[in-house]
Amino acid sequence: MNDEVSRGGQTVRLWVSWLVVGLLLGYGVVQTLITAAKLFTH
């Protein structure tokens, strides 16, 4: 039973990690697009 619980915890941590990475990556992409838009429009 402990193996199942720890595996479940690892799975949750993996999803949370990927979610954080995805959010940071998305934020970086958005900031890059905003900066690029400012450069090309001014």
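For the Cα trace of the chain, dividing Rg by the Kirkwood Rh returns an Rg/Rh value of 1.44. FRET efficiency for the pair residue 35 and residue 15, taken as 1/(1 + (r/R0)^6) with r the Cβ-Cβ distance and R0 = 22 Å, rounds to 0.15. With helices as the sole contributors, the chain gives -35000 deg cm²/dmol at 222 nm; each DSSP H run of n ≥ 4 counts as -39500 (n - 2.57), and the sum is divided by every residue.
Counting only alpha carbon atoms, the long axis of helix 2-41 and the longest principal axis of the chain meet at about 0°.
Values in this text are rule-based calculations from the coordinates and carry no lab data. A quick note: this is a predicted structure, and the numbers were derived from the prediction, not measured. Glycine also receives a Cβ, built like all others from the backbone with ideal geometry; neighbour counts cover every protein chain displayed.
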